[in-house]
Amino acid sequence: QKEVEQNSGPLSVPEGAIASLNCTYSDRGSQSFFWYRQYSGKSPELIMSIYSNGDKEDGRFTAQLNKASQYVSLLIRDSQPSDSATYLCAVNNIGTGNQFYFGTGTSLTVIP
Amino acid sequence: DVKVTQSSRYLVKRTGEKVFLECVQDMDHENMFWYRQDPGLGLRLIYFSYDVKMKEKGDIPEGYSVSREKKERFSLILESASTNQTSMYLCASSSEGLAGTDTQYFGPGTRLTVL
């Protein structure tokens with residue numbers, strides 16, 4: 001069983017719509033959850049980190065965490081063509097070391 | 001501002017060559033990581049280090065070694081490059097790992113081609 005699972009997509013949304021990206025993880029002891037954005041040929045860059053159940057908002061981005069369901073999501077409001085990228089979900093269990101577990105990513109295309 | 005740098009953006013080597021990839025971070029981070037990224041396989045951890053002169057194997061250490069002589073520098077070595085090591089190599093660093101400080105920051109990556 002994969003540690004972190006994401007729908008690989010591709011996910012296509014029209015400009016201005018809400019894009020919803022989902023991630024599930026298997027390690028119930030995980031404490032730290034991250035969303036990275038990766039443009040083609042570039043390295044991952046951090047968008048959001050979340051550590052507590054509930055929602056965390058930063059501009060057009062909202063991360064949602066539900067530890068009971070082992071589920072973390074990223075909502076992108078007012079999607080822009082510049083949001084077109086692959087989004088990686090990462091999970092860390094500090095108690096078992098600092099090895100991040102990454103999903104394989106969801107490819108998002110925002111159509112103008 | 002957080003900064004992780006890698007010695008080369010693109011590298012072309014021949015089969016059997018010894019290859020050195022260097023990573024430097026200026027954030028005084030304890031932890032450093034080397035990943036490779038291949039289409040459809042995602043990020044795979046090769047080696048990581050929690051401290052100077054310390055190293056731990058990741059998921060795919062075969063054919064690789066590492067060196068960490070100084071806190072800010074973590075080198076990945078391909079002892080004898082092979083074509084199946086053609087990949088994007090990503091270095092990352094993070095602080096000591098308390099919740100809230102464990103974010104990994106990535107360098108720009110090195111696209112290695114082995115002919």
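Read-outs throughout are calculated quantities, based only on the coordinates presented, and are distinct from any laboratory measurement. Keep in mind it's a predicted model, so treat the numbers as computed, not measured. Neighbour counts run over all protein chains shown; Cβ positions are idealised from the backbone, glycine included.
Brief remarks follow.
- Per-residue mean of C-beta atoms belonging to partner chains within 10 Å, peptide B:27-35: 1
- In chain B, the DSSP beta bridges split such that about 90 percent are antiparallel, to the nearest 5.
- Between residue A:40 and residue A:52, the simple label model (points 7 Å from Cα in the Cβ direction) yields a spacing of 4.1 nm.
- Among A:50, A:76, the order by Cβ neighbours within 10 angstrom, fewest to most, reads A:50, A:76.
- Cα pair count fraction exceeding 26 Å, expressed as % - chain B: 13
- Distance between segment A:86-112 and segment A:18-52 - C-alpha centres, whole angstrom: 4
- Among the lysines of chain B, pairs that are 8 or more positions apart or on different chains and have alpha carbons within less than 26 Å of each other number 18.
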